[in-house]
Amino acid sequence: MKATKFHHDYPYRLRIQHPEYGEIRLERKGRFLRIDPVEPPAEDEVVVLTSSAPHRARGTVEALKEGRKLTVVASAAVLEWLRGLGTIDGHAFPATVDGVTIDGMPYAAPPTTRPLSHMLRASVAGARAGTTLKRLSEQVRFPTTEPHVIEVVLEDGGRMLHLDLALHRGTDPDWLGRAAARFSGAEWLLVGIPWGEGEGVVQHVGRFEAKRVLLTELTSAERRESGLPTELVTPWRDQLVAVGTEAHVFATQASYRFE
């Protein structure tokens, strides 16, 4: 695919988008970053993968099968797998690409989220993403790799921390201490709420002393495709606001812009 522009004249410091499923887009001057893209990324974008789970890696796999050469930042295990599928300019955590530093730290997901990738393989949902995932799962073996939280440090020093589904009632205290010491003080903190784990997220997220917290809908689409119930994020946002945390709901199809 022919590369497009590199956005050197982008008018905003940062725009964070949440198109659908687990995808997060970071738009800035220079190449855009796409975390866990659902649709196939372009060759002039920087792809960041939290894991090789089918619902997180499908867009990247589809692009590689179409013959696109991608710049990918991920764990060494994920990069090794992707090199068997196509051509990548791979960078293992921690890496600096176009002046942006991207780091990752593995975490243990709560048990309630682990079976989702397997259930999604059998999904017969009519949505394009579900259909694509089913087709890809029939063609490609998606290995099991540790999921990672992601930190992105912009050229001006601004930091975004994507905690994914790392916070829950069973989060290991030692891991939490190490992660908080390593990543505290981010300007933007994104975190998903695993099913039934809102109390754990509210309990732990303050350890990271972020300027603002974006409670991100990361699993609702996968759960709906699998016939599982979903829950609202807003009540947990209200609890954080009540204790003085700047918190916002980050729903799918939404975006936040920062000058």
- [ ] Hey, can you tell me all the residues within region 204-247 that are open to solvent by less than 50 Å² (accessible area, probe 1.4 Å), outside any helix (DSSP H, G or I), closer than 16 Å to PRO194 by Cα and of a type in the set (Ser, Thr, Tyr)?
- [x] THR216, THR219, SER226
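Rundown of residues vs (1) open to solvent by 10 Å² or more (accessible area, probe 1.4 Å); (2) of a type in the set (Phe, Trp, Tyr), yes/no style:
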{"site": "HIS7", "(1), (2)": "yes, no"}
{"site": "TYR12", "(1), (2)": "yes, yes"}
{"site": "GLU23", "(1), (2)": "no, no"}
{"site": "ALA53", "(1), (2)": "yes, no"}
{"site": "THR60", "(1), (2)": "no, no"}
{"site": "TRP81", "(1), (2)": "yes, yes"}
{"site": "GLY84", "(1), (2)": "yes, no"}
Open item on the list: Any residue at all in region 55-72 that's under 24 Å from GLY157 (Cα atoms) and in contact with a Leu (Cβ under 7 Å, 6 or more places away or on another chain)?
Closed with: yes
Task: Exclusive hit being open to solvent by 30 Å² or more (accessible area, probe 1.4 Å), at pLDDT 95 or above and basic (Lys, Arg), set ARG159, ARG141, ARG114 - done: ARG159
Open item on the list: Against the definition (more than 23 Å from SER220 (Cβ to Cβ), modelled with pLDDT under 95 and not basic (Lys, Arg)), how does GLY30 come out, yes or no?
Closed with: yes
Task: Complete set of residues in region 142-160 that are of a type in the set (D, E, K, R), more than 20 Å from SER52 (Cβ to Cβ) and in a loop (DSSP other than H, G, I, E, B) - done: GLU155, ASP156
Open item on the list: Of the residues ALA179, ALA166, only one is touching a residue at least 60 places away in the same chain (Cβ under 8 Å), under 16 Å from ALA108 (Cβ atoms) and open to solvent by less than 10 Å² (accessible area, probe 1.4 Å); which?
Closed with: ALA179
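The values are calculated or read from the model by the stated rules, or taken from the named source; none is laboratory data. Predicted, not measured: the structure shown is a model, and the values here were computed from it. Methodologically, a virtual Cβ is constructed for each residue, glycine included, from the backbone with ideal geometry; neighbour enumeration extends over all protein chains shown. Protein only, heavy atoms only, side chains kept; ligands, DNA and RNA dropped before computing areas. Shrake-Rupley method; radii C 1.70, N 1.55, O 1.52, S 1.80 Å.
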